[in-house]
Amino acid sequence: MHALVIGGTGPTGPFIVNGLLARGWRVEILHTGRHEVDEIPPAVGHIHVSPHDPAALAVAIGDRRWDLCVATYGRLRAIAEIFAGRVGRFISIGGGPAYLGYMNPFLHRPEGLPGPLGEDAPLVSDPAQDEKGWRIVQTEEAVFRCHPKATHFRYPFVYGPYQGAPREWSVVRRVLDGRRRIVLADAGLTLDAYGYAENMAHAVLLAVDQPEPSCGEIFNAADSHALSLRDVVFHAARALDWEFEIVELPAALALPARPLMGRPSTSHRLYDLTKLRTRLGYRDVVAPADAVARTARWLVAHPPPAVNGISIEAVLQDPFDYAAEDLLIERWQRALASVALPEWSTPPGYGMAYSGPGGRPRSNAGFEA
């Protein structure tokens, strides 16, 4: 059995490659060759060509054929066309922006994605809604035209080693710089679908192992448990023996939190993983809290390099301007201190059904079965 992995040196690639090797596959990777990683063993063959150049790609593969192609990188639409008739199985990786509102939550009223998103949720149907999302939908359709029995995964943002734009760097660098305060929008309670690289590779390998329930299907893939941004900050900091004072600001004022949010909305963005869990038996290989901790420690040992000559700070659009952050915090705290709460004839409560801290006291001091 002969497999080709297009990509292979990004976040999920080494896990997919080594997972295939462990299953007895003979594996090659196709990538530019600009980035080699130690996790790819010498037994793996390399085809060095840009997956973004269809003409060069077609020449590089010639008339070769494979039993399996896992396309994780490059121009997927062109790749699907070039490999039509050349592979026994085609597994491709796409993304969540196919869903209507994934990148533009303001398309929904009220603002925010309905969730959790199942694979049958509405997709972007017009470039005016979201041009990137519309292109992704067109690519998905092209994949299944060329490979009717393909398996396609809609990844969320993937984190872990070798990620190109690590959101965790906004936390890790603040730890390294000795910062004790970090600003979060709306208390950092936003829930977002993310996927640790090893977990996402595990989902792909489940499809490799189970062709019958996965062929011709699209699957959401993400960590089973979604962490809030507050959780991400907590677990990353704790992994580095650090503790932050979290400064909670309304989203409109929390400019320093934008790079962590990655979008102009604090609404939730969650996947429904029922199909992946029930059809393929997916469970997280690495718990998300542990995955964030691993990522934070990896970033300390491997500070992100520039991407195409652009610093990672510029990629994340995080200026790490602590003087401005401190001034914003100071002004916010002064504003809060100046607010005089009104007196209520009857103080608002949490409802008589609520029995937690600050709720209605017990009506009976004793216990009756």
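The values are calculated or read from the model by the stated rules, or taken from the named source; none is laboratory data. These numbers were taken from a predicted model, which means no experiment stands behind them. Cβ sites come from the backbone with ideal geometry, for glycine too, and all protein chains shown count toward neighbours. Accessible surface is based on the protein model in full, side chains and every heavy atom, while ligands, DNA and RNA are left aside. Shrake-Rupley method; radii C 1.70, N 1.55, O 1.52, S 1.80 Å.
Points to keep in mind about this one:
- Against the conditions (1) in contact (Cβ under 8 Å) with a residue 60 or more places away in the chain; (2) surrounded by fewer than 17 Cβ atoms within 10 Å (Cβ to Cβ); (3) farther than 28 Å from residue 224 by Cα; (4) within 19 Å of the chain's Cα centre (by Cα), residue 312 satisfies every one except (2).
- Residue list for the range 59-75, restricted to those being over 14 Å from residue 28 (Cβ atoms) and more than 31 Å from the chain's Cα centre (by Cα): 59, 63
- All positions within the range 126-162 that are part of a loop (DSSP other than H, G, I, E, B), under 30 Å from residue 300 (Cβ atoms) and open to solvent by 50 Å² or more (accessible area, probe 1.4 Å): 162
- Selected residue (only one of 175, 183 is at pLDDT 95 or above, assigned to a helix (DSSP H, G or I), over 26 Å from residue 80 (Cα atoms) and in contact with a helix residue (DSSP H, G or I) (Cβ under 7 Å, 6 or more places away or on another chain)): 175
- Every condition in (1) at negative phi; (2) exposed (fewer than 12 other Cβ atoms within 10 Å of the Cβ); (3) modelled with pLDDT under 95 is met by residue 330 except one, and the failing one is (3).
Residue by residue, here is whether (1) within 30 Å of residue 239 (Cβ to Cβ); (2) among the hydrophobic types (A, V, I, L, M, F, W, C) holds:
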site: 295; (1), (2): yes, no
site: 301; (1), (2): yes, yes
site: 315; (1), (2): yes, yes
site: 318; (1), (2): yes, no
site: 324; (1), (2): yes, yes
site: 336; (1), (2): no, yes
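- Residue that is under 28 Å from residue 253 (Cβ atoms) and either open to solvent by 100 Å² or more (accessible area, probe 1.4 Å) or of a type in the set (Val, Ile, Thr) (or both), where the choices are 300, 307, 292: 292
- Residue ranges of strands (runs of 3 or more DSSP E) in the range 15-125 with at least 1 members open to solvent by 50 Å² or more (accessible area, probe 1.4 Å), touching a Gly at 6+ places or on another chain (Cβ under 7 Å) and free of Cβ contacts under 8 Å to residues at least 40 places away in the same chain: 45-48
The rows are residues; the columns are (1) crowded, with 20+ Cβ neighbours inside 10 Å; (2) touching a strand residue (DSSP E or B) at 6+ places or on another chain (Cβ under 9 Å); (3) of a type in the set (Gly, Ala, Ser).
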{"position": "191", "(1), (2), (3)": "no, yes, no"}
{"position": "197", "(1), (2), (3)": "yes, yes, yes"}
{"position": "226", "(1), (2), (3)": "yes, yes, yes"}
{"position": "229", "(1), (2), (3)": "yes, yes, no"}
{"position": "246", "(1), (2), (3)": "no, yes, no"}
{"position": "255", "(1), (2), (3)": "no, yes, no"}
{"position": "264", "(1), (2), (3)": "no, no, no"}
{"position": "269", "(1), (2), (3)": "yes, yes, no"}
{"position": "278", "(1), (2), (3)": "no, no, no"}
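- So residue 173, is it open to solvent by 10 Å² or more (accessible area, probe 1.4 Å) and more than 12 Å from the chain's Cα centre (by Cα): yes
- Members of the range 1-33 found to be small (Gly, Ala, Ser) and touching a His at 6+ places or on another chain (Cβ under 9 Å), listed by number: 7, 8, 10, 13, 19, 33
- The set of residues in the range 126-151 that are touching a residue at least 24 places away in the same chain (Cβ under 8 Å) and under 24 Å from residue 192 (Cβ atoms) comprises 129, 130, 132, 133, 136, 137, 139, 140.
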